[in-house]
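Below is one structure; the comments refer to it alone.
The values are calculated or read from the model by the stated rules, or taken from the named source; none is laboratory data. What you see is a predicted model; the values in this text were computed from it and never measured. Here the Cβ positions follow ideal geometry from the backbone for every residue, glycine too, while neighbour counts run over all protein chains shown. Side chains are part of the model used for accessible areas, which takes the heavy atoms of the whole protein and leaves out ligands, DNA and RNA. Shrake-Rupley method; radii C 1.70, N 1.55, O 1.52, S 1.80 Å.
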Amino acid sequence: MKHANKNIVIIGGGPCGMEAAYRLKNEGMNVILVEKGPSLGGHLACWDRLFPESIKADDLLDILKNNISDVNCFLNTEIIKMNLRNDAYDIELSNGITVLARAVLFATGFDIFPAEKKEEYGYGIYNKVITNKDLEQYFKTGKDERIPANPKNIGFIHCVGSRDEKIGNRQCSKVCCATAVKQACEIKERFPDANVYSFYMDLRMFGRHYEDLYYKAQHECGVRFIRGRVSEISENKEGKLIVKAEDTLMGKPIKITMDLVVLMAGMKNSEAGIKTAGQLAVLRDDDGFFNSEDSFYNLEKSAYRGIFFAGTCLGPKTIPETINEARSAVLSIKEYVESFAND
Amino acid sequence: MIYEGKKKIWSEYQKDIPDDHYFYARSCIRQMFFTASEQAFLEITRKLMGKDIFETEHHTTCGGIAYHCDAIPQETSMTIIARQFALMKKYGYENFVCSCITSFGLYNETLETWRRFPEVEAKVKEDLWESCHLEFAKPKFLAHTCDLIYKYRERIASMAKYRLVNVKTGRPLRVVEHIGCHYSKMFPSKGFGGAEYPYVLVGMVESWGGEIIDYPERRHCCGFGFRQYFIQSDRGYSLANTYKKFESMEPYEPDMIITNCPGCTYFMDRWQYVIAETQGKTYGGKGHGIPVLTYEEVAGLVLGYDPWDLGLQTHQVGSEPLLDKMGIKYDPAKKYLGVNGKFIGEPEKSPC
Amino acid sequence: MIDFGYTLNPSSRINLDNFDRNKFEKLSKSEPDVLLCIGCGSCTASCTAGKYTDTSLRKAILSILDCNEKAAVDFAASCLLCGKCTLVCPRSINTRNLLLSITKIYGKKQ
């Protein structure tokens, strides 16, 4: 009897790839986890706390990491070549190793929208404009020279690089609303004397307990929610920011001087993931994310045999959703691998 | 302000235009407002740079003002423009440079309309032949005259007799740059530096020794805006926009304003007088306004042209404080003497 | 002064820098529910008085936040205190007390 091929290559060492690696290993698969960066964790490793309950990102990361302490992980490694050969994929890695994998899981994740592309907001030009990711770093390390000691006015700007035809991202990035409300509460807790403003188009508090977070932001933190997209930011002589928007509910233009502005940069499909998938001519939708076989019953399957997807390479989503998708992909991969054993 | 961040954006908006052989189209209003600016452009490009800039008396207005006031439909302005391009071809040129920002915007808008709607282009082609018997053509490169001065800015700097520096203090002059809306707001890729942080005038000022002021209302309209000006009772809107800009730049104490658009130069210059008369407020210190100059006038001063030959006496705001700061010699007695020493008249009230 | 036939037109822009935080804190102490409005418009839509006058609790709250206290009082002045808005408000705001508090704190008779 031929020795069954149970090699599975997972591309991407974020929460999705890590969870899938753990579950596949438990199913008796031979897992190879390939991560292009120097460490595991993806964007989760850059975050301080997670909505809605504000649990520590590091606590979740530790669980995910401990689960896979005995899994083969190649860090700083990329996929050089990937070819289909006799119902398996011949994969060459940048560290010189080649693998004949029965199945490949794309857990390639997302890139944060480069906020400097919204030129009118002046990220990288005005000192006091930061992103959601910068703020998480600040919460984690307590260090960011751009954040003043006693800010009077702090503004959050939603939908930066999301729901924006002009910069080519039409999709809603889904998690930024809850992130903004969470961060607004957190910064108010850090600077109780500050006025915190949130400029939104729609507040999409879709998940369980998210509405409670919104309630808390209003009731406990007194965050002022202004329904209007910011049109431009400029800097005054003192280095403070002049923010312009419209209060659409009042139907009037607004101007306010801010000490700090946080841009809620959205999600786009990962450039590195797109490059790797390009070798197989994997199809992408108008929004740049990968196309599943179908989006209801076979979300984790691609149009190619043996190629699977999970997590944010299929579109913006939360971490619990990502973890669930990773588990669902594991089930499908297991079924797929076992279908060969019955031959 | 993080200068490196701006430089990154500037590097992304660099358009490719040739530095020679252009068909030149004047602006209908600049010839009246800032009489010597277009002549200065021709002097600098032809005589000092040795470039081939061709102009013919047969070209007309682009129709921009009438178009923006709804006095003529777009089809009419497109046919006028097609005629300008046809003249360019007739005289053997393939690059077009115009002196007006409204025109530059309208030429770009027209070319883009033709690109997207070929049936409109076909109709204009037909109308052009029927009305003028001219052969339709499109320019290979379309430029604004400030693009060319920008391109020659380092050469101008190397020939400079004066710099944008206060000779008494040695400090760079503090300069407000104002870009006409139609230079790059419609098509950011058509302007040096894009729409949010345009570089075309910044580049000139930096090369000639000045320092740029980035104030909160930098992107705001000068106050011209066509429809808010043409009817007298509406002019309060125009005035209010200009006022907003000056209030915003005031704390930076600018020494001068440089603009690339006929309307902007005119309104930022003239409204300072009206603000002084109605609000009793001036912005340039000691009861003076802030001098507002075209980029050709600034280039001319840097190159050592006589201020009165550059037409600075036709500005509402007197330029003498600026000339003194730059250390430029001028004869006050000759201010109102025109060609061949003929007296051209003098304002009843001294400018602010 | 010269009359040019036109004047410097006033700006209609809202300047949030003029926001009176102390006064607002007084209001939110008097009726904490003011913080809960999500601007859905149910109150205005159900308002009996609002069909014939400029009554709007939603606009009154927004006017305060947007530094136009006089307008806020005007939007509240014609309220009949019928209580219909209390019934429809998805955030269960105590509209009656809120309207009275607005009039008390921002109105002329303080």
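Protein-only accessible surface at a 1.4 angstrom probe places the residues B:H133, B:H58 in the order B:H133, B:H58, largest first.
Legend: mean number of C-beta atoms from other chains within 10 angstrom of residue C-beta atoms, peptide A:160-171, equals 0. Under a 5 Å amide H cut-off, with hydrogens placed 1.01 Å from N, B:G327 pairs with B:V167 among residues at least 5 apart or on other chains. Kindly express, to the nearest 10 degrees and within the range 0 to 90, the angle between helix A:319-341's C-alpha long axis and the longest C-alpha principal axis of chain A. Value to nearest ten degrees: 10. Its DSSP H runs of at least 4 residues, each contributing -39,500 (n - 2.57), put the calculated 222 nm mean residue ellipticity of chain C at -12500 deg cm²/dmol, to the nearest 500. The share of alpha-carbon pairs in chain A lying farther apart than 31 Å comes to 38%. Exceedance of the 30 Å cut-off in Cα-Cα distance is limited, within the set A:K36/B:K8; A:K118/A:K188; A:K118/C:K26; A:K216/C:K51; A:K65/A:K133; B:K8/B:K281, to A:K118/C:K26; A:K216/C:K51; B:K8/B:K281.
Annotation note: trypsin sites (Lys or Arg not before Pro) in segment A:123-227 located in DSSP loop regions with a Cβ neighbour count of at most 11 within 10 Å are A:K143, A:K166, A:R208. Close amide H pairs (under 5 Å, H built 1.01 Å from N) link A:R49 with A:A57, residues at least 5 positions away or on another chain. Per residue, the convex hull around the alpha carbon atoms of the protein assembly as shown comes to 227 Å³.
With the charge dipole of the protein assembly as shown set up from +1 on Lys and Arg Cβ and -1 on Asp and Glu Cβ about the Cα centre, the Cα lying farthest toward the positive end among the listed residues C:I2, B:G191, B:G50 is that of C:I2. From helices alone, chain B scores -12000 deg cm²/dmol at 222 nm; the rule is -39500 (n - 2.57) for each run of n ≥ 4 DSSP H residues, then divide by the residue total. Scaled against 2.2 N^0.38 Å for its residue count N, the alpha carbon radius of gyration of chain B is 0.99.
Across segment B:22-145, the mean sequence separation of Cα contacts (distance under 8 Å, 6 or more residues apart), normalised by length, yields a relative contact order of 32 percent. Its Cα gyration tensor gives segment B:241-287 an equivalent ellipsoid, and the semi-axes of that ellipsoid, as √(5λ) in whole Å with the largest first, are 16, 13, 10. Both radii are taken from the alpha-carbon atoms of segment B:122-241; with Rh as the Kirkwood radius, Rg/Rh is 1.11. Using every pair of separate Cα atoms, the Kirkwood estimate puts the hydrodynamic radius of segment B:160-334 at 16.5 angstrom. Note on chain B: GNM, Cα springs under 10 Å; of B:C132, B:C28, B:C146, the largest mean-square fluctuation is that of B:C132.
Three semi-axes describe the equivalent ellipsoid of segment A:1-141; taken as square roots of 5 times the Cα gyration tensor eigenvalues and ordered largest first, they are 35, 19, 11 Å. Loop-located chymotrypsin sites (Phe, Trp or Tyr not before Pro) in segment B:219-324 (DSSP state not H, G, I, E or B) with no more than 16 neighbouring Cβ atoms inside 10 Å: B:F230. Beta bridges per DSSP, both residues in segment B:160-334: antiparallel share near 10 percent. Taking θ as phi - 60° and the Karplus parameters 6.51, -1.76 and 1.60, the scalar couplings of segment B:173-183 work out to 5, 8, 10, 8, 9, 10, 9, x, 3, 7, 6 Hz in sequence order, x denoting glycine and proline. Cys residues of chain C that find no other Cys beta carbon under 4.7 Å: C:C37, C:C40, C:C47, C:C67, C:C79, C:C82, C:C89. Please sort through the DSSP H helices of chain C and keep those with an alpha-carbon extent of at least 15 Å along the long axis and a Kyte-Doolittle average not below 0.0. Correct list, ordered by number: C:95-106.
Overall size of segment A:193-265 from C-alpha positions, given as principal axis extents largest first: 44, 29, 24 Å. How would you classify segment A:19-75 from its alpha-carbon gyration tensor, with a ≥ b ≥ c the square roots of the eigenvalues: rounded for a/c under 1.5, else prolate if a/b is greater than b/c, otherwise oblate? Oblate, because a/c is 1.5 or more while a/b does not exceed b/c.
In order along segment B:60-67, the phi-based Karplus estimate (6.51 cos²θ - 1.76 cosθ + 1.60, θ = phi - 60°) of 3J(HN,Hα) comes to 10, 4, 7, x, x, 5, 4, 5 Hz; Gly and Pro are listed as x.
Let me see the P(r) profile for chain C: every Cα-Cα distance counted, bins of 10 Å, each bin given as a percent of all pairs. Here the calculated profile for chain C is 14, 44, 25, 9, 6, 1. Given q = 0.21 Å⁻¹, what are the Debye log10 I(q)/I(0) values for segment A:249-343, with equal point scatterers placed on the Cα positions and solvent ignored? Result of the Debye calculation: -1.09.
Sequence-ordered 3J(HN,Hα) estimates for segment C:40-54 from the Karplus curve with 6.51, -1.76 and 1.60 and θ = phi - 60° stand at 6, x, 4, 4, 5, 5, 9, 5, 5, 5, x, 6, 10, 10, 8 Hz, glycine and proline given as x. Counting only DSSP beta bridges whose two residues both lie in the protein assembly as shown, roughly 35 percent are antiparallel. For the peptides A:239-247, B:123-131, the ranking by packing is A:239-247, B:123-131, with the highest mean count of neighbouring Cβ atoms within 10 Å listed first. Amide hydrogen proximity for A:F309: with H placed 1.01 Å from N in the peptide plane, the residues at 5 or more positions away or on another chain lying under 5 Å are A:F106, A:K301, A:S302. Between A:R190 and A:S295, the distance separating the two model label sites (each 7 Å from Cα on the Cα→Cβ line) works out to 3.6 nm.
Which whole-percent values make up P(r) of segment B:22-145 when all C-alpha to C-alpha distances are grouped in 5 Å steps starting at zero? Percent of pairs per bin, in order: 2, 11, 20, 24, 21, 12, 6, 3, 0. Pairs from the table (A:K244/C:K29; B:K15/B:K161; A:K252/B:K6; B:K161/B:K335; B:K138/B:K185) lying more than 24 angstrom apart at Cα are A:K244/C:K29; B:K15/B:K161; A:K252/B:K6.
Loop-located chymotrypsin sites (Phe, Trp or Tyr not before Pro) in segment A:231-328 (DSSP state other than H, G, I, E, B) with a sparse environment of at most 10 neighbouring Cβ atoms within 10 Å: A:F296, A:Y297.
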